[in-house]
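Notes follow the structure.
The values are calculated or read from the model by the stated rules, or taken from the named source; none is laboratory data. In this text, all values refer to a predicted model and were calculated from it rather than measured experimentally. Here the Cβ positions follow ideal geometry from the backbone for every residue, glycine too, while neighbour counts run over all protein chains shown. The protein model used for the area step is the full one, side chains on, heavy atoms only, and it has no ligands, DNA or RNA in it. Shrake-Rupley method; radii C 1.70, N 1.55, O 1.52, S 1.80 Å.
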Amino acid sequence: MRELRYFATVAEELHFTRAAERLYVSQPALSKQIRALERQLGTELFRREHQGVTLTEAGTALLPHARRVLADWAEGAAAVEATRAARRGTLRVGMSTSPGRGGLLPAIRSRFTAAHPEAVLRLRQTSWEDPTAGLADGTADVAYVWLPLPDAERYAWTVVAEEPRLVALPDTHPLASRREVDFADLADEPFLALPPEAGVLRDFWLALDERRALDGPAARPPRVGAEISGTEETYEALVAGLGVCLVATGNAPLITLGGVTTRPVRGLAPSRYALAWRREDERRTLVRGYAEACRRVTDRA
């Protein structure tokens with residue numbers, strides 16, 4: 001590449017001294033490199049005469065190809081630099097609930113940073129009012145979320161964990177003495193509910209589908225004892241006896257801190273915890289890389 005660049009510059013200047021100045025090399029060094037290229041090709045590329053320098057027939061034939069190779073090389077180098085710049089970029093990871101689950105987050109981070117050592121990860125905690133954990137408003141690039149998502153067609157995801165839903169209730173609740181609870185026995189209980197902004201996710205954790213399966217299209221709406229937007233609020237509402245709530249198995253340790261217990265529930269579909277991203281960002285290097293790290297870690301687990 002260096003010899004071709006030297007050749008093209010001399011061909012443009014038709015003067016070794018001026019070409020050397022453009023290339024920031026000495027004139028003897030430039031002449032040496034051109035001679036080396038001529039030996040490699042087995043023909044002279046320039047006529048060196050007292051009147052100046054001109055291209056030979058071979059030099060004229062080579063010049064457009066040399067320019068094309070140099071242009072392709074510049075384009076390739078720019079593409080590499082763009083990739084490096086992307087790898088040096090920042091990836092914002094949203095979540096409303098920490099993934100936990102046996103060190104899942106550190107394992108994904110370790111695999112991702114090994115593949116993208118120049119990238120910077122920023123974790124962003126959100127309230128349960130935003131079920132997309134920052135994806136909808138663009139404040140997160142990827143996010144750990146619970147399915148279903150509102151406007152699901154906007155997003156792609158990979159499932160991190162599929163877990164049974166348990167019921168969390170105060171230790172003093174009559175149903176706490178049972179080893180397992182039928183959902184039918186919970187239907188009339190006051191429930192702790194996500195904020196209305198959570199939309200379809202609020203419906204999921206109130207088990208609207210299961211309520212319709214019990215009572216048909218005229219299913220009674222759930223009784224809402226209180227609204228919750230975080231783990232601490234959930235625990236305090238449970239201890240205060242404001243209601244019961246459904247919780248994924250992996251999140252049960254977050255709220256069974258004393259005075260609260262969880263029990264398996266018959267008749268409930270499992271919950272799905274996922275890493276999601278906007279479909280429009282699927283080709284972004286860091287988004288694709290983080291999703292791949294997540295898949296590899298969860299597949300191995």
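Per this entry, LEU268 is counted among residues that are in a loop (DSSP other than H, G, I, E, B), crowded, with 17+ Cβ neighbours inside 10 Å and touching a Phe, Trp or Tyr at 6+ places or on another chain (Cβ under 6 Å).
Against the numbered list (1) more than 21 Å from PRO131 (Cα to Cα); (2) open to solvent by less than 20 Å² (accessible area, probe 1.4 Å); (3) not in a helix (DSSP H, G or I), ARG211 comes up short only at (3). All conditions but one from (1) loosely packed, with under 14 Cβ neighbours inside 10 Å; (2) in contact (Cβ under 8 Å) with a residue 60 or more places away in the chain apply to VAL120; the one that does not is (2).
Pick from ASP141, ASP130: which is closer than 29 Å to LEU208 by Cα and modelled with pLDDT under 95? Exactly one residue qualifies, and that residue is ASP130.
Return the pair list, or none, for Cβ contacts closer than 8 Å from residues in region 25-53 that are closer than 16 Å to MET1 by Cα to residues that are open to solvent by 90 Å² or more (accessible area, probe 1.4 Å), at least 6 apart or on different chains. The qualifying pairs are GLN33/ARG2; GLU38/GLU44. With the condition kept exactly as written, say whether any residue in region 277-293 is open to solvent by 50 Å² or more (accessible area, probe 1.4 Å), within 22 Å of GLU210 (Cβ to Cβ) and not in a strand (DSSP E or B). Scanning region 277-293 turns up no residue that is open to solvent by 50 Å² or more (accessible area, probe 1.4 Å), within 22 Å of GLU210 (Cβ to Cβ) and not in a strand (DSSP E or B). VAL167 meets all of the listed conditions (1) farther than 23 Å from THR132 by Cβ; (2) assigned to a helix (DSSP H, G or I) but one, namely (2).
Of the residues THR158, THR139, which single one is part of a strand (DSSP E or B) and closer than 22 Å to THR285 by Cβ? Selected residue: THR158, the only one of THR158, THR139 that is part of a strand (DSSP E or B) and closer than 22 Å to THR285 by Cβ. Candidates are the residues of region 220-260 that are over 21 Å from PRO195 (Cα atoms) and hydrophobic (A, V, I, L, M, F, W, C); the one that is least open to solvent (accessible area, probe 1.4 Å) is VAL260. Scanning region 3-58 for residues that are of a type in the set (Gly, Ala, Ser) and in a loop (DSSP other than H, G, I, E, B) yields SER26, GLY42.
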